[in-house]
Amino acid sequence: MTAEIIDITRNHEDALKRACAVLAEGFPVAIPTETVYGLAADATNPAAITRIYETKGRPRFNPLICHVADLSMAERYAVFDPISKKLAETFWPGPLTLILPLKPESGIHSLATAGLDTVGIRLPKGFASELIRAFGKPLAAPSANTSGKVSPTSASHVAEDLGDRLKLIVDGGAAPVGVESTIVRVEDGIIRLLRPGGVAAEEIEKATGLTVIRPEGPAAIIEAPGMLASHYAPGAAVRLNADHVEPGEALIRLGSTPVKGVERAVAVFDLSPSGDLAQAAANLFDYLKRADATGAARIAVTPIPDHGLGEAINDRLARAAAPRE
């Protein structure tokens with residue numbers, strides 16, 4: 001099987017109709033979102049959800065984010081506290097996922113939540129929300145890549161990785177944010193950051209007047225996607241906070257960061273020549289893939305500031321560099 005690819009800039013209505021048809025058959029569809037490309041399937045259909053796990057090779061204890069068309073759809077499936085409701089009203093549609101209690105008999109299958117009594121809910125922008133509205137049900141949609149590998153930010157990334165395992169890839173161009181959604185959970189009036197992402201923690205603090213609590217050390221319990229220690233990894237090893245290049249390494253740098261031995265690099269990729277963290281986030285996964293494709297045994301990455309979107313970039317890089325089984 002080779003995936004059909006439909007470009008939404010040329011065949012928008014056809015892409016919606018075809019995607020709805022494949023979803024109705026119980027198969028996943030690769031779709032563009034503002035964060036990364038997602039592998040979407042009916043969140044109420046256990047066979048469809050099983051196909052997501054099988055296609056990705058994803059551990060079934062790792063829950064999936066369920067995407068909705070609007071806030072009213074989200075409220076049919078999950079229970080909102082006042083702080084979570086304010087976050088949804090402020091940042092949706094957009095790259096923020098809320099971990100919320102499931103409503104009894106919600107219809108979202110336990111395979112999507114990994115058996116938890118909570119669910120990750122997000123309202124995406126653009127084609128994804130149009131598709132959910134047309135389909136009429138929430139879509140479980142992790143990133144459209146082999147589990148643990150670099151997330152896809154273009155249809156070509158998906159095709160290279162999963163093209164022989166899918167019926168349909170919807171091409172919406174490059175994902176503008178480039179890193180996955182921020183994931184938070186509100187408990188007893190406290191906002192806990194489970195995964196940094198496309199909405200900076202500082203923005204959440206500004207919107208709510210509350211401090212966002214960061215995790216201390218590795219998570220003992222998987223509460224949300226993207227919490228595995230090793231994740232987002234290219235084939236090559238990754239060396240962080242590099243101030244020099246060793247022979248045989250590819251280099252990923254940010255702006256004018258000085259790097260000794262840069263002339264020894266197999267290839268050099270600059271996330272943002274101006275040091276803009278939004279541009280760096282948008283380029284991160286694409287440049288990891290490009291650096292990996294050079295055949296370098298290791299990828300050296302210069303230091304990234306740890307504020308704003310830099311927190312999400314550093315989170316992804318730390319997981320990409322983590323020891324692998």
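The values are calculated or read from the model by the stated rules, or taken from the named source; none is laboratory data. Quick caveat, the model's predicted, so the values are computed rather than measured. Cβ placement follows ideal geometry from the backbone for every residue including glycine, while neighbour counts extend to all protein chains displayed. For accessibility, only protein heavy atoms count, side chains too; no ligands or nucleic acids. Shrake-Rupley method; radii C 1.70, N 1.55, O 1.52, S 1.80 Å.
Can you give me the Rg/Rh ratio for the chain, using Cα atoms for both radii and the Kirkwood formula for Rh?
Taking Rg over the Kirkwood Rh, I get 0.96.
Over the range 22-99, how many percent of alpha carbon pairs lie in each 10 Å bin up to the one with the longest distance?
P(r) for the range 22-99, in whole percents per bin: 16, 45, 33, 7.
What shape does the range 118-159 have by the C-alpha gyration tensor, where a ≥ b ≥ c are the square roots of the eigenvalues, rounded means a/c under 1.5, and otherwise prolate means a/b greater than b/c and oblate the rest?
oblate
Cα extents of the range 49-169 along the three principal axes, largest first, in whole Å?
Per principal axis, max minus min of the Cα coordinates gives 43, 29, 24 Å.
Which value in Å is the Kirkwood Rh of the range 61-110 over different Cα pairs?
Details: mean 1/r = 0.0865 Å⁻¹.
Computed over the range 61-110, the radius equals 11.6 Å.
Round to the nearest 10 and report in Å² the accessible area of residue 14, as given by a 1.4 Å probe over the protein chains' heavy atoms.
90
Which order do 252, 213 take when ranked by solvent-accessible area (1.4 Å probe, heavy atoms of all protein chains), largest first?
213, 252
Residue-wise, which Karplus ³J(HN,Hα) couplings in Hz belong to the range 241-258, taking 6.51 cos²θ - 1.76 cosθ + 1.60, θ = phi - 60°, and x for glycine or proline?
Using θ = phi - 60°, the values come out as 6, 6, 10, 8, 10, 9, x, x, 8, 8, 10, 10, 10, 10, x, 8, 4, x Hz.
So if each residue of separation counts as 0.36 nm, and I subtract the Cα-Cα distance between residue 7 and residue 307, what length gain in nm does that give?
Fully extending the segment from residue 7 to residue 307 adds 104.5 nm.
Assuming R0 = 22 Å, what is the FRET efficiency of residue 257 and residue 237, from their Cβ-Cβ distance, to the nearest 0.05?
Here the calculated transfer efficiency is 0.60.
With every protein chain in place, what's the accessible area of residue 239 (1.4 Å probe, Å², nearest 10)?
Rounded to the nearest 10, that gives 40 Å².
What distance in nm lies between label points placed 7 Å from Cα along the C-beta direction at residue 297 and residue 202?
4.0
Can you give me the accessible area per residue for the range 80-123, using a 1.4 Å probe, in Å²?
Averaged over the residues of the range 80-123, the accessible area is 40 Å².
Among 110, 303, 83, whose Cα sits farthest toward the positive end of the charge dipole of the chain (+1 at Cβ of Lys/Arg, -1 at Cβ of Asp/Glu, about the Cα centre)?
110
So how exposed is residue 91, as accessible area in Å² (1.4 Å probe, rounded to 10)?
30
So, for the range 232-325, what is the accessible surface per residue at a probe of 1.4 Å, expressed in square angstrom?
43
Of 73, 1, which has the most accessible area and how do the rest follow, probe 1.4 Å?
1, 73
Kindly provide the helix-only [θ] at 222 nm of the chain, computed as the sum of -39,500 (n - 2.57) over DSSP H runs of four or more divided by all residues, to the nearest 500 deg cm²/dmol?
About -9000 deg cm²/dmol.
Answer with one residue from 194, 28, 275: the one whose Cα lies farthest towards the positive end of the charge dipole of the chain, charges on Cβ with Lys, Arg +1 and Asp, Glu -1.
28
What's the carbon and sulfur percent of the chain's accessible surface, probe 1.4 angstrom, rounded to a whole number?
53
Describe numerically, in nm with one decimal, the distance between label points set 7 Å from Cα along Cα→Cβ at residue 50 and at residue 164.
With each label placed 7 Å out from Cα toward Cβ, I get 2.4 nm.
Along Cα→Cβ, 7 Å out, is where each label goes; now give me the distance between the ones at residue 103 and residue 216 in nm to one decimal.
3.7
Enumerate lysine pairs in the range 62-172 that are 8 or more residues apart or on different chains, then count those whose Cα atoms are under 23 Å apart.
For the range 62-172, the number of qualifying lysine pairs is 9.
Going from most exposed to least, what order do 102, 210 have by accessible area with a 1.4 Å probe?
Descending accessible area places them as 210, 102.
About the Cα centre, and with charges only on the beta carbon of Lys, Arg (+1) and Asp, Glu (-1), how big is the dipole of the range 145-221? Nearest 20 debye, please. Write out the running numbers ahead of the final one.
Numbers: 8 positive and 11 negative charges, 26 e Å.
It comes to approximately 120 debye.
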